[in-house]
1. Counting alpha carbon pairs within less than 8 Å and at least 6 residues apart, what relative contact order, in whole percent, applies to the chain?
2. Please return the longest stretch of the chain lacking exposed loop sites, where trypsin sites (Lys or Arg not before Pro) count only if DSSP places them in a loop and at most 11 other Cβ atoms lie within 10 Å.
3. Where the only charges are on Cβ atoms (+1 Lys, Arg; -1 Asp, Glu), what is the dipole of region 36-109 about its Cα centre, to the nearest 20 debye?
4. With Kirkwood's inverse mean 1/r over C-alpha pairs for Rh, give me the Rg to Rh ratio of region 85-181, two decimals please.
5. With every protein chain in place, what's the accessible area of F86 (1.4 Å probe, Å², nearest 10)?
6. Which of G158, G71, G119 moves the most in a Gaussian network model of the chain with Cα springs under 10 Å?
7. Taking Cα Rg over 2.2 N^0.38 Å as the quantity of interest, determine which of (1) 1.31; (2) 1.01; (3) 1.12 was computed from the displayed structure.
8. Pick out, from L167, G145, V107, the residue whose Cα sits farthest towards the positive end of the charge dipole of the chain, with +1 on the Cβ of Lys and Arg and -1 on the Cβ of Asp and Glu.
Amino acid sequence: MTTDPASHLFWITSRAAGTVALVTASLAVCLGLLMSTRWLKGRGPDLRVAHEILSLSTLVAIAVHGLVLVGDSFLHPSLADVTIPFVSGYKTIWTTLGIVSGWVLVVLGLSYYARKHIGVRRWRTLHRFTALAWVLGVAHSLGEGTDAGQVWFLAMTGVVGVPALLLLVGRLTAAPKPTPA
(Lines give C-alpha, C1' and ligand atoms only; values in the text may rest on other atoms or scores of the structure.)
Protein backbone atom coordinates (compact mmCIF):
# COMPACT_ATOMS: atom_id res chain seq x y z
CA MET A 1 0.00 0.00 0.00
CA THR A 2 1.51 3.33 -1.07
CA THR A 3 0.41 6.93 -1.09
CA ASP A 4 0.20 8.76 -4.39
CA PRO A 5 2.70 11.63 -4.06
CA ALA A 6 1.02 13.60 -6.87
CA SER A 7 -1.84 14.64 -4.60
CA HIS A 8 0.67 15.93 -2.03
CA LEU A 9 3.22 17.46 -4.41
CA PHE A 10 2.75 21.07 -3.24
CA TRP A 11 2.94 20.11 0.42
CA ILE A 12 6.00 17.88 -0.11
CA THR A 13 7.72 20.62 -2.12
CA SER A 14 6.98 23.18 0.58
CA ARG A 15 8.36 20.88 3.29
CA ALA A 16 11.52 20.29 1.29
CA ALA A 17 11.99 24.00 0.58
CA GLY A 18 11.41 24.85 4.26
CA THR A 19 14.04 22.32 5.30
CA VAL A 20 16.49 23.72 2.74
CA ALA A 21 15.77 27.25 4.01
CA LEU A 22 16.46 26.19 7.59
CA VAL A 23 19.77 24.54 6.66
CA THR A 24 21.03 27.31 4.38
CA ALA A 25 19.97 30.07 6.78
CA SER A 26 21.74 28.32 9.66
CA LEU A 27 24.89 27.89 7.60
CA ALA A 28 24.73 31.55 6.49
CA VAL A 29 24.35 32.68 10.11
CA CYS A 30 27.29 30.48 11.16
CA LEU A 31 29.51 31.78 8.40
CA GLY A 32 28.46 35.39 8.97
CA LEU A 33 29.22 35.16 12.68
CA LEU A 34 32.49 33.35 12.05
CA MET A 35 33.56 36.03 9.56
CA SER A 36 33.23 38.60 12.33
CA THR A 37 35.59 36.67 14.62
CA ARG A 38 39.35 36.98 14.74
CA TRP A 39 39.60 33.39 13.48
CA LEU A 40 38.26 34.23 10.04
CA LYS A 41 38.38 38.02 9.89
CA GLY A 42 40.21 39.22 6.81
CA ARG A 43 40.30 35.79 5.14
CA GLY A 44 39.30 37.33 1.86
CA PRO A 45 36.28 37.75 -0.37
CA ASP A 46 35.75 34.00 -0.83
CA LEU A 47 33.92 33.77 2.49
CA ARG A 48 31.75 36.78 1.66
CA VAL A 49 30.81 35.12 -1.63
CA ALA A 50 29.92 31.87 0.17
CA HIS A 51 27.88 33.86 2.73
CA GLU A 52 26.08 35.69 -0.08
CA ILE A 53 25.30 32.45 -1.95
CA LEU A 54 23.93 30.82 1.20
CA SER A 55 21.85 33.92 1.95
CA LEU A 56 20.39 34.16 -1.54
CA SER A 57 19.72 30.41 -1.55
CA THR A 58 17.83 30.86 1.71
CA LEU A 59 15.67 33.60 0.20
CA VAL A 60 14.80 31.44 -2.81
CA ALA A 61 13.97 28.47 -0.57
CA ILE A 62 11.77 30.68 1.64
CA ALA A 63 9.90 31.98 -1.42
CA VAL A 64 9.32 28.45 -2.72
CA HIS A 65 8.36 27.24 0.78
CA GLY A 66 5.59 29.82 1.13
CA LEU A 67 4.36 30.32 -2.41
CA VAL A 68 4.07 26.65 -3.38
CA LEU A 69 1.64 26.13 -0.48
CA VAL A 70 -0.93 28.21 -2.35
CA GLY A 71 -1.41 25.14 -4.57
CA ASP A 72 -1.89 22.74 -1.64
CA SER A 73 -5.23 20.93 -1.92
CA PHE A 74 -5.49 20.21 1.82
CA LEU A 75 -4.82 23.60 3.44
CA HIS A 76 -6.05 25.76 0.54
CA PRO A 77 -4.16 28.85 1.77
CA SER A 78 -4.48 32.11 -0.11
CA LEU A 79 -1.54 34.27 -1.11
CA ALA A 80 -2.43 36.52 1.83
CA ASP A 81 -2.33 33.52 4.20
CA VAL A 82 1.30 32.82 3.30
CA THR A 83 2.54 36.41 3.02
CA ILE A 84 0.72 38.55 5.60
CA PRO A 85 1.18 38.00 9.36
CA PHE A 86 -1.89 36.94 11.39
CA VAL A 87 -4.08 36.31 8.30
CA SER A 88 -3.84 32.51 8.22
CA GLY A 89 -6.17 30.58 10.47
CA TYR A 90 -3.77 27.62 10.53
CA LYS A 91 -1.50 27.69 13.59
CA THR A 92 -1.61 31.47 13.41
CA ILE A 93 1.24 32.27 15.79
CA TRP A 94 3.69 29.76 14.28
CA THR A 95 2.71 30.77 10.75
CA THR A 96 3.13 34.44 11.63
CA LEU A 97 6.59 33.76 13.07
CA GLY A 98 7.57 32.17 9.77
CA ILE A 99 6.11 35.01 7.69
CA VAL A 100 7.77 37.71 9.80
CA SER A 101 11.05 35.82 9.73
CA GLY A 102 10.85 35.43 5.97
CA TRP A 103 10.13 39.10 5.32
CA VAL A 104 12.83 40.28 7.72
CA LEU A 105 15.35 37.96 6.05
CA VAL A 106 14.32 39.26 2.62
CA VAL A 107 14.62 42.92 3.61
CA LEU A 108 17.85 42.53 5.57
CA GLY A 109 19.40 40.10 3.10
CA LEU A 110 18.73 42.32 0.11
CA SER A 111 19.80 45.44 2.05
CA TYR A 112 23.37 44.30 1.35
CA TYR A 113 22.91 45.58 -2.20
CA ALA A 114 21.79 48.99 -0.91
CA ARG A 115 24.50 49.46 1.72
CA LYS A 116 26.22 52.23 -0.23
CA HIS A 117 22.96 54.18 -0.21
CA ILE A 118 22.07 53.58 3.43
CA GLY A 119 25.63 53.73 4.70
CA VAL A 120 27.85 50.80 5.60
CA ARG A 121 27.69 51.54 9.33
CA ARG A 122 23.87 51.71 9.33
CA TRP A 123 23.73 48.57 7.18
CA ARG A 124 25.92 46.66 9.66
CA THR A 125 23.66 47.71 12.51
CA LEU A 126 20.58 46.54 10.57
CA HIS A 127 22.27 43.33 9.47
CA ARG A 128 22.66 42.24 13.09
CA PHE A 129 18.89 41.73 13.22
CA THR A 130 19.29 38.89 10.73
CA ALA A 131 20.12 36.60 13.64
CA LEU A 132 16.80 37.46 15.30
CA ALA A 133 14.96 36.62 12.07
CA TRP A 134 16.85 33.31 11.95
CA VAL A 135 15.75 32.52 15.52
CA LEU A 136 12.13 33.25 14.54
CA GLY A 137 12.50 30.94 11.54
CA VAL A 138 13.85 28.14 13.72
CA ALA A 139 10.94 28.65 16.14
CA HIS A 140 8.53 28.49 13.17
CA SER A 141 10.02 25.21 11.96
CA LEU A 142 9.96 23.62 15.41
CA GLY A 143 6.48 24.90 16.26
CA GLU A 144 4.65 24.27 13.02
CA GLY A 145 6.78 22.04 10.84
CA THR A 146 5.26 18.70 9.89
CA ASP A 147 8.55 17.01 10.70
CA ALA A 148 9.27 18.98 13.90
CA GLY A 149 8.89 15.96 16.18
CA GLN A 150 10.82 13.56 13.95
CA VAL A 151 14.25 12.42 15.16
CA TRP A 152 15.88 13.05 11.78
CA PHE A 153 14.55 16.64 11.72
CA LEU A 154 15.59 17.40 15.28
CA ALA A 155 19.06 15.93 14.61
CA MET A 156 19.44 17.94 11.41
CA THR A 157 18.26 21.10 13.14
CA GLY A 158 20.72 20.46 15.95
CA VAL A 159 23.63 19.85 13.57
CA VAL A 160 23.12 23.18 11.78
CA GLY A 161 21.37 25.17 14.49
CA VAL A 162 23.40 24.54 17.61
CA PRO A 163 26.69 25.87 16.17
CA ALA A 164 24.89 28.99 14.91
CA LEU A 165 23.20 29.45 18.27
CA LEU A 166 26.48 29.01 20.17
CA LEU A 167 28.21 31.54 17.90
CA LEU A 168 25.31 33.95 18.38
CA VAL A 169 25.39 33.60 22.17
CA GLY A 170 29.16 34.08 22.07
CA ARG A 171 28.72 37.22 20.00
CA LEU A 172 26.04 38.62 22.30
CA THR A 173 27.97 37.90 25.49
CA ALA A 174 31.39 39.03 24.25
CA ALA A 175 32.91 42.07 25.88
CA PRO A 176 32.50 45.14 23.69
CA LYS A 177 35.52 46.12 21.63
CA PRO A 178 37.22 49.26 22.89
CA THR A 179 36.79 52.20 20.55
CA PRO A 180 39.90 54.17 19.65
CA ALA A 181 40.16 57.59 21.22
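1. Working: 169 pairs, mean separation 45.1, N = 181.
It rounds to 25 percent for the chain.
2. On the way: sites that count: R38, K41, R43.
Counting only loop sites that pass the neighbour cut-off, the longest clear stretch is 44-181.
3. Numbers: 5 positive and 4 negative charges, 90 e Å.
The calculation lands at about 440 debye.
4. Values: Rg = 16.4 Å, Rh = 15.4 Å.
Result: Rg/Rh = 1.07.
5. 140 Å²
6. Its mean-square fluctuation being the largest, the pick is G119.
7. Only one option fits the structure, namely (3).
8. Ranked along the dipole, the leading option is L167.
The values are calculated or read from the model by the stated rules, or taken from the named source; none is laboratory data. Every value quoted in this text rests on a predicted model; they were computed, and no experiment measured them. So basically every Cβ, Gly included, is an ideal-geometry build from the backbone, and we count neighbours across all protein chains shown. SASA here: full protein model, heavy atoms, side chains in, ligands and nucleic acids out. Shrake-Rupley method; radii C 1.70, N 1.55, O 1.52, S 1.80 Å.
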